Amino acid sequence: TATLTIENNDSDEGTYNFDLQGNGTGCPVFTDCPTSPITVNTSNGQCSALVNYSVTATGTPAPDMSYTFSGATTGGGSGTGSGSTFNQGNTLVTVTASNTCEQEATCSFTVTVSDNEPPTITCQPPVTINASAGLCTGTTSLLPPTVSDNCLGIDNALSFDGSNDWVSTPVTLGS
């Protein structure tokens, strides 16, 4: 309750009591925003990782938050984006807090997803090449090794395209 006294020159001053009700607006302010890059490894067998982080903002009325991803991962939506799957590489996360106040607040940070899972290679079994009759050379078909990686589409280092597909190895003759 507030008291208001009105005074003027015609002697009908009076004291009036009334209630005040505020409708104040407090612009959004981030109270929790990552200050350094968030760094995680890819999930086993994947080229991405699920990333959780904490971003909070206050204001009156309580602010609505939205996010955008740019870089290795792109997208956006309502909320903070925490719990999203991020691709290998660097992603800039921008979270915006807004309410009826004319000023928005932003929180930006980087999420880095690193691939520390080595590629795999499975070699074919040993091959024995018999010399052709009357020659010191032989012919065979070699199978490429099986290679895989969780992130990059890698091929094997050997090319078996039918053109110049030969392998030379030291040979010990006679004994």
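The values are calculated or read from the model by the stated rules, or taken from the named source; none is laboratory data. The shown structure was predicted, so the numbers you read here are calculated from the model rather than taken from an experiment. Cβ sites come from the backbone with ideal geometry, for glycine too, and all protein chains shown count toward neighbours. To get the accessible areas, we keep the full protein, side chains included, count just its heavy atoms, and leave off ligands, DNA and RNA. Shrake-Rupley method; radii C 1.70, N 1.55, O 1.52, S 1.80 Å.
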| query | For residue 76, which sequence-distant residues (separation of 5 or more, or a different chain) have an amide H within less than 5 Å of its own amide H, given hydrogens modelled in the peptide plane? | reply | 69
| message | In whole Hz and in residue order, list the ³J(HN,Hα) couplings for segment 89-95 that follow from phi through the Karplus curve 6.51 cos²θ - 1.76 cosθ + 1.60, θ = phi - 60°; x for Gly and Pro. | response | x, 9, 10, 8, 9, 10, 10
| Using 7 Å Cα-to-Cβ label points, what is the residue 149/residue 36 separation (nm, one decimal)? | 2.9
| field | Per-residue ³J(HN,Hα) for segment 123-136, Karplus 6.51 cos²θ - 1.76 cosθ + 1.60, θ = phi - 60°, Hz, x for Gly and Pro | value | 7, 6, x, x, 10, 10, 10, 8, 5, 5, 3, x, 10, 9
| Where does each of 30, 109 land when they are ordered by accessible area, with a 1.4 Å probe and the largest first? | 30, 109
